[in-house]
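Accompanying notes for the structure given below.
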Ligand SMILES: [Zn+2]
């Protein structure tokens, strides 16, 4: 079952315009930092991105624990929730998030899964009237003052016949804040990495390591191209997949990256001032319920109704 009633490009333009409107309203305030929390969610991914009072959740971990983590981190609403792909260690908690937290937009790669987890999530997106946005490559979303999220992958023509098509078609996001570049890669594997290198990828300060540090990812050509200084691995303590793999760890080390891991270090917080990144690790309690002091207050601008914002291109078929 695919996402129903997906307005596609039209929704994206509404989103860009809506977020731009919020951004303009926030201009008089000093810009805050970009804060990226790679949450300690067990074997899975859940990454919270906050800038200028807006919040984006990229993946929701394997279960409901994410809801408590968001509450303890003071997240009352999400401007955007992204599912990198439909495996349960990424969307297992997403239905609970959609039902518990006011969420404006939901983005995925448009690749359905046969599981009840996927079906129930899509029903929740429909029921809560969260606006669906397709993760088309090149799509840009302005999150705040000098903070832009760009969809790099999957390709418009999805990967087929790979080791794992779900993994290979993960949504890959490039998060830019000033001169700081962060790459969020879902469970992308070698085919995705090779395609990204062929397309041209930026140097990055931070890599959310693909696929929990699996040996099927973090290939040398990819790491050579992106030159990560900081590599964050999200995986569970004693996980049955033996993530991260020794080969991937060796390649990350050879690439000169400093590796942080949620299984041994707990939550990893990255704070960017637009020029440099500071890293803090530890239990979620240590981080409290607030952003660093420079953060702006939450945005309160209303979501525009569909009829109030013109679409430059008209509709687009659901994936
Ligand atoms: Zn995964």
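Side notes on the structure shown:
- Residue that is nearest to the ligand (Cβ to nearest atom), among those in region 186-209 that are in contact (Cβ under 8 Å) with a residue 40 or more places away in the chain, part of a loop (DSSP other than H, G, I, E, B) and touching a strand residue (DSSP E or B) at 6+ places or on another chain (Cβ under 6 Å): 209
- Filter result for the condition that a residue is touching a residue at least 40 places away in the same chain (Cβ under 8 Å) and within 16 Å of the ligand (Cβ to nearest atom), over 74, 44, 32, 61: 44
- Selected residue (criterion: nearest to the ligand (Cβ to nearest atom)) from residues of region 77-110 that are part of a loop (DSSP other than H, G, I, E, B) and either farther than 19 Å from residue 165 by Cα or over 16 Å from the mean Cα position of the chain (by Cα) (or both): 93
- Count of region 220-252 residues which are in a loop (DSSP other than H, G, I, E, B), over 21 Å from the mean Cα position of the chain (by Cα) and away from the ligand (no atom under 14 Å from the Cβ): 2
- The single condition from (1) closer than 20 Å to residue 212 by Cβ; (2) in a strand (DSSP E or B); (3) touching a helix residue (DSSP H, G or I) at 6+ places or on another chain (Cβ under 8 Å) that residue 182 fails is (3).
- Scan of region 197-208 for residues that are buried (at least 21 other Cβ atoms within 10 Å of the Cβ), over 16 Å from residue 148 (Cβ atoms) and touching a helix residue (DSSP H, G or I) at 6+ places or on another chain (Cβ under 7 Å), ordered by number: 207
- Residue in region 148-166 that is surrounded by 20 or more Cβ atoms within 10 Å (Cβ to Cβ) and under 17 Å from residue 259 (Cα atoms) present: no
- Within the option set 136, 161, being in a loop (DSSP other than H, G, I, E, B), free of Cβ contacts under 8 Å to residues at least 60 places away in the same chain, more than 16 Å from the ligand (Cβ to nearest atom) and more than 22 Å from residue 97 (Cβ to Cβ) holds for one residue only, 161.
- Residue in region 114-122 that is at pLDDT 95 or above, touching a strand residue (DSSP E or B) at 6+ places or on another chain (Cβ under 6 Å) and surrounded by 15 or more Cβ atoms within 10 Å (Cβ to Cβ) present: no
- The numbered conditions (1) part of a loop (DSSP other than H, G, I, E, B); (2) at positive phi are all true for residue 212 except (1).
- Counted residues, region 171-186 - those being buried (at least 24 other Cβ atoms within 10 Å of the Cβ) and over 17 Å from residue 228 (Cβ atoms): 1
The values are calculated or read from the model by the stated rules, or taken from the named source; none is laboratory data. Everything numeric here is computed off the predicted structure, so don't read it as measured data. Using ideal geometry, Cβ is built from the backbone for each residue, glycine included, and neighbour counts are taken over all protein chains shown.
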